[in-house]
Amino acid sequence: MRAGHSAEGGCRADLPVAFSGDGANGCVTDDDALPAFLGPIRTTCAYCGVGCGITATPTGGRSVMIAGDADHPANRGRLCSKGTHLGETVDLTGRLLHPMIGQKRANWGRALNLVARRFRETIERHGPDSVAFYVSGQLLTEDYYIANKLMKGFIGSANIDTNSRLCMSSAVAGHNRAFGEDIVPASYDDLDVADLIVLVGSNTAWCHPIVYQRIQAARAKRGTRLVVIDPRRTESCEGADIHLPIRPGSDVALMKGLLAWCDEAGVTDPDFLARHVQAPDGFWDDARSGHDLWSTARACDVPPALLQQFFELFARTPRTMTLFSQGINQSIRGTDQVNSIINVHLATGRIGQPGAAPFSITGQPNAMGGREVGGLASTLAAHMDFAPENVARVRRFWGAPFTATKPGLKAVDLFRSIAEGRVKALWVMATNPAVSLPDAARVREALAACPFVVVSDVIANTDTSAHAHVRLPAAAWGEKDGTVTNSDRTISRQRPFMALPGDARPDWWIMAEVAARMGWRSDFSYRHPAEIWREHARLTAYQNDGQRLLNLHDYASIGNEAYDNMQPFRWGDRPFADGRFSTPDGRARLVQVDQMELQAPLKDWPLTLNTGRYRDHWHTMTRTGLSPKLARHREEPLVEVHPQDAAALGLAQGDLARVATAQGDSLFRVRLEEGQRVGEIFTPIHWTDQLSTGGRTGLLPRPLVDPHSGQPGFKSTPARLQKIATEWKGFLILRGEHPAQPRCLWATRVAVPGGALYEVAGNGDPARLEECLPAGDRVEAVDLTRGTRRVAIIRDGRLAAVLIVTRSGILPSRDWLIGQLQAQHVGASVLAARGPGRQQDKGATICVCFDIGLNQIIAAIRDQDLISVPAIGEALGAGTNCGSCRPAIASILAQTTQELVHAAE
Ligand SMILES: Nc1nc2c(c(=O)[nH]1)N[C@H]1C(S)=C(S)[C@@H](COP(=O)(O)OP(=O)(O)OC[C@H]3O[C@@H](n4cnc5c(=O)[nH]c(N)nc54)[C@H](O)[C@@H]3O)O[C@H]1N2
Ligand SMILES: Nc1nc2c(c(=O)[nH]1)N[C@H]1C(S)=C(S)[C@@H](COP(=O)(O)OP(=O)(O)OC[C@H]3O[C@@H](n4cnc5c(=O)[nH]c(N)nc54)[C@H](O)[C@@H]3O)O[C@H]1N2
Ligand code: SF4
Ligand SMILES: [Mo]
């Protein structure tokens with residue numbers, strides 16, 4: 001160990017607890033030798049709940065070669081666009097490398113002492129419920145276990161909630177109501193043997209692409225039918241047998257109509273119902289009245305004939321899987337919506353059988369691990385709730401006399417309590433609530449008012465950490481060491497393949513150090529994540545005589561080496577195969593649910609705002625925002641509007657428009673989209689203050705939550721839309737890392753190779769943008785007739801910056817100029833913004849792996865008379881690597897073919 005480094009408070013020998021800083025202790029630092037990292041390391045993708053296996057081969061420094069792990073059961077070697085480009089996100093750009101107290105760098109000792117002291121003092125003065133943790137499905141199971149044990153066991157409050165509250169808590173509540181335990185009764189293997197797959201409120205093609213590819217493979221192989229239920233026509237609908245563009249929030253009506261149809265058609269399973277299911281009084285009377293095809297079609301606003309097709313298909317297909325995610329969960333009636341789906345599966349006995357089950361697919365890489373340790377405020381630990389016998393059991397196991405005895409504050413209430421001054425110290429880990437909670441402006445006010453805020457993150461500057469008193473540098477993907485559980489209960493290892501940079505440390509280590517300093521040294525004296533894993537596994541098995549299916553008994557005493565070599569495994573073989581559920585009487589529950597009343601459009605807020613995800617971005621973009629390739633798919637935050645609504649509002653493609661709700665407003669770029677329902681608009685969740693002056697979706701949703709789960713209704717907020725005219729527009733390209741945000745009405749930044757591209761627009765004098773230009777030789781061209789001004793800054797012969805602004809003209813293609821950042825020598829001609837020969841504008845990037853644009857695909861279809869997605873792949877390469885863009889290519893093919901036919905007619 002170099003003395004200089006350790007003096008900065010890295011892996012210091014004088015840190016008393018739990019950590020000696022050598023590689024064997026689950027924490028590898030810059031100072032350690034790296035022999036273990038030579039070969040390909042098997043790990044798990046950093047992103048979604050599909051949980052794909054990855055082999056990572058370090059290639060020196062902070063670079064790594066990424067490939068799909070052919071032996072991993074979740075993906076068998078495939079990766080989507082995000083997984084494929086993980087290598088572009090592991091350098092140190094933007095990393096938080098040292099503990100920070102305010103804006104000052106501190107060593108670990110000081111930072112940890114401060115956090116421990118402030119939490120202790122707050123608890124002493126105001127009681128354990130005056131402090132809280134807000135954690136994340138992006139923590140590893142081992143981190144999560146420590147967070148939960150520290151808060152619920154030792155601090156003695158259940159004020160630990162997680163961003164999973166925003167994500168799948170309605171599924172958790174629905175499972176608990178129906179099954180008596182939070183069990184996902186399905187696996188990916190079921191997708192291979194199902195005959196019908198129904199996607200409800202799930203844009204699987206973008207959000208779980210490898211699951212989507214698996215579905216497509218099953219379709220190709222055995223003709224599996226696919227139905228999509230989503231108000232929007234998403235890319236998941238491409239090639240589906242049926243798309244039902246239902247009225248938002250009408251899923252319960254739909255499922256009740258389906259249940260009534262199945263009952264009428266005689267495909268409910270009386271034997272299964274009699275032996276394994278309990279129905280509340282009046283359940284069937286209600287199910288059989290008023291839910292005929294016509295009323296259902298009316299409630300859901302879909303054509304009866306289309307609905308009938310779906311009902312018939314469902315009724316005659318025993319092997320049916322219903323996959324659902326945020327279109328179902330993120331509703332103020334999310335739990336009822338979940339149970340309306342489960343009801344149909346229970347009534348038809350389509351559960352616990354191969355290829356037949358309801359399947360809640362989870363978002364984050366370790367959403368399921370969090371559920372297993374019990375990291376929600378509403379659960380205690382290891383699938384146990386706060387029943388007195390559970391509290392007593394967990395208290396015994398932890399040796400923690402003050403174990404919490406009642407649920408804590410759920411996310412939205414937690415931040416309200418902070419605003420009201422009841423919670424006075426908050427520790428946020430691996431989540432960005434200033435962006436991702438509903439009514440984010442109020443969340444920021446709460447953070448600003450909170451007397452003590454700690455943020456553990458891998459990135460230095462986030463919208464949340466702007467409010468932190470203490471920032472703690474956490475280990476990032478590629479450095480972390482532990483386990484994650486994916487959507488189908490498969491537990492896999494995340495293994496480190498890079499040294500910890502600077503002072504970064506694993507989250508579990510940071511928490512254990514604080515726990516030690518709060519006085520619980522011996523209870524948190526872990527030296528290796530394997531020790532935490534074993535303790536977690538033991539707790540799942542502790543006095544578990546079969547009431548809880550989650551039981552990791554077989555893993556409770558594995559050695560460190562076995563842990564390091566642990567192969568992916570799925571717990572709970574085929575839950576409920578024997579018809580036994582985790583309720584006291586072993587029977588599942590049908591739950592009486594009613595369709596909520598859907599509000600008619602309000603005068604001031606005539607539109608409904610739906611929010612969600614883009615294919616190539618992950619949440620608040622702290623990682624995907626670093627990848628030039630991933631940035632290409634959608635470079636700006638768009639508001640998608642049906643052309644009919646756009647016409648009524650005088651909006652054209654590419655205009656800027658303000659989306660306003662009762663909570664707040666933000667600017668977006670308009671995209672006309674036939675796939676939107678009339679009256680409904682859609683915006684993405686990804687943009688933050690770090691990246692843009694607009695696109696702040698988090699400001700808009702209402703903080704209303706589901707009464708059972710506490711999950712916010714992100715998918716439906718009354719809104720209005722208004723065109724915002726600007727006098728000029730343009731773009732700015734800057735070499736290097738330039739977090740500088742141009743000061744104008746509209747400025748969004750994306751990473752490009754060697755620098756950043758900003759799209760800008762505004763009113764008044766655009767000269768202020770020149771504040772962002774670096775020093776160097778200045779070349780300038782002004783075209784008064786078009787009102788266009790072009791400025792380039794050249795330093796040492798290389799392009800340092802270009803700014804092009806126009807009042808009326810058309811802007812040149814950015815691609816060529818971006819390429820000039822790599823050129824060794826540029827001159828004044830760079831301002832012409834095009835190279836030798838004719839430049840073709842590629843159009844919006846469709847295939848990020850091969851950088852193929854929309855216009856190139858259309859041209860190839862026309863000129864080469866192509867008729868299939870594989871033929872386009874052969875001609876251009878597009879879609880032949882990760883495959884994430886294949887649904888988009890299919891849609892372009894259909895559209896272009898149709899246009900060719902029209903043109904010929
Ligand atoms: N590319 C990418 N992938 C991701 C993520 C990411 O950020 N980017 N995040 C991950 C996470 S944490 C999550 S939770 C998942 C989310 O994955 P998804 O749930 O698939 O994603 P969303 O885009 O939030 O919403 C899904 C769909 O619900 C639809 N919907 C809205 N209202 C209704 C309704 O009333 N009824 C029905 N039936 N549908 C409705 C929306 O139109 C939308 O298309 O994705 C994971 N994967
Ligand atoms: N309007 C609207 N809002 C939504 C949603 C929606 O559909 N609509 N979806 C909701 C859902 S489902 C989700 S899951 C949330 C997601 O929202 P967030 O959780 O707020 O989003 P992320 O960008 O994933 O935040 C993760 C943070 O943790 C950091 N990080 C990454 N790895 C680590 C680590 O190992 N340790 C530590 N300490 N930090 C780390 C990242 O740099 C980043 O700052 O958004 C929710 N908000
Ligand atoms: S589907 Fe894509 S983002 Fe999700 S785990 Fe697999 S590679 Fe990662
Ligand atoms: Mo999520």
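Just to confirm a number: summing +1 for Lys and Arg and -1 for Asp and Glu over residues other than Pro304 whose beta-carbon lies under 13 angstrom from that of Pro304, what do you get?
-2
I need the calculated FRET efficiency for the pair Glu770 and Thr57, taking r as the beta carbon distance and R₀ as 51 Å, to the nearest 0.05.
0.70
Over region 845-904, what is the relative contact order in percent, taking alpha-carbon pairs closer than 8 angstrom and at least six residues apart?
35
Past 18 Å, Cα to Cα, is the threshold; run Lys152/Lys406; Lys149/Lys406; Lys723/Lys842; Lys152/Lys410; Lys629/Lys842 against it and keep the listed order.
Lys723/Lys842
Quick check for you: with a 1.4 Å probe and neighbouring chains kept, what is the accessible area per residue of the chain, in Å²? Write down the numbers at each step before the final one.
On the way: 32550 Å² over 905 residues.
For the chain, the solvent-accessible area averages 36 Å² per residue.
Quick check: pseudo-label points 7 Å beyond the Cα along Cα→Cβ at Asp604 and Lys406, how many nm apart are they?
3.7
Please go through region 803-905 and write out the trypsin sites (Lys or Arg not before Pro) that DSSP classes as loop and that have at most 11 other C-beta atoms within 10 Å.
Sparse-neighbourhood loop trypsin sites (Lys or Arg not before Pro): Arg838.
Using a/c under 1.5 as the rounded threshold, could you call the chain rounded, prolate or oblate? The axes a ≥ b ≥ c are square roots of the C-alpha gyration tensor eigenvalues, and prolate needs a/b larger than b/c, oblate otherwise.
Oblate, because a/c is 1.5 or more while a/b does not exceed b/c.
To the nearest Å, what is the center-to-center distance of region 725-804 and region 232-282, using C-alpha atoms only?
54
Would you mind computing, in nm to one decimal, how far apart the modelled labels at Val901 and Gln308 are, each placed 7 Å from Cα along Cα→Cβ?
In this crude label model, Val901 to Gln308 measures out at 2.5 nm.
What full-extension length gain, to one decimal in nm, is calculated for Ala448 and Arg834 as 0.36 nm per residue of separation minus the Cα-Cα distance? Could the numbers behind the result be given before it?
Numbers: separation 386, 0.36 × 386 = 138.96 nm, distance 4.77 nm.
Full-extension gain reported as 134.2 nm.
What's the carbon and sulfur percent of the chain's accessible surface, probe 1.4 angstrom, rounded to a whole number?
50
If you take every DSSP beta bridge fully contained in the chain, what fraction is antiparallel? Give it as a percent rounded to 5.
Around 60 percent antiparallel, to the nearest 5.
Hydropathy first: keep DSSP H helices in the chain averaging at least 0.0 on Kyte-Doolittle, then drop any whose Cα extent along the axis falls short of 24 Å, and list what survives.
Membrane-span-like by this rule: 886-904.
Using alpha-carbon pairs under 8 Å, 6+ residues apart, how would you state the relative contact order of the chain in percent?
With pairs under 8 Å counted, the relative contact order is 15 percent.
Which of the trypsin sites (Lys or Arg not before Pro) found in region 218-305 are in a DSSP loop and have at most 13 neighbouring Cβ atoms, other than their own, within 10 Å?
Arg288
Of the trypsin sites (Lys or Arg not before Pro) in region 702-766, which ones lie in a loop per DSSP and count no more than 14 other C-beta atoms within 10 Å?
Arg743
Leaving ligands, DNA and RNA out of it, work out the accessible area of Glu635 with a 1.4 Å probe and give it in Å² to the nearest 10.
Glu635 has an accessible surface of roughly 50 Å² with all protein chains in place.
Taking Lys603 as the anchor, which aspartates and glutamates have their alpha carbon closer than 20 Å to its alpha carbon, excluding any fewer than eight residues away along the same chain?
Leaving aside aspartates and glutamates fewer than 8 places away in the same chain, those within reach of Lys603 are Asp645, Asp665, Glu680.
Quick one: length gained pulling Asp189 to Arg743 fully straight, 0.36 nm per residue minus the C-alpha distance?
On the way: separation 554, 0.36 × 554 = 199.44 nm, distance 5.15 nm.
Stretched out fully, the Asp189 to Arg743 stretch lengthens by 194.3 nm.
May I ask you to compute the full-extension gain from Asp777 to Gln547, defined as 0.36 nm times their residue separation minus their alpha-carbon distance, rounded to one decimal in nm?
Details: separation 230, 0.36 × 230 = 82.80 nm, distance 7.39 nm.
That pair, Asp777 and Gln547, stretches by 75.4 nm at full extension.
The values are calculated or read from the model by the stated rules, or taken from the named source; none is laboratory data. Treat the numbers as computed from the prediction; the structure is a model and nothing was measured. Glycine gets a Cβ as well: all are built from the backbone with ideal geometry, and neighbour counts include every protein chain shown. Areas reflect the complete protein model, heavy atoms only, side chains present, ligands, DNA and RNA absent. Shrake-Rupley method; radii C 1.70, N 1.55, O 1.52, S 1.80 Å.
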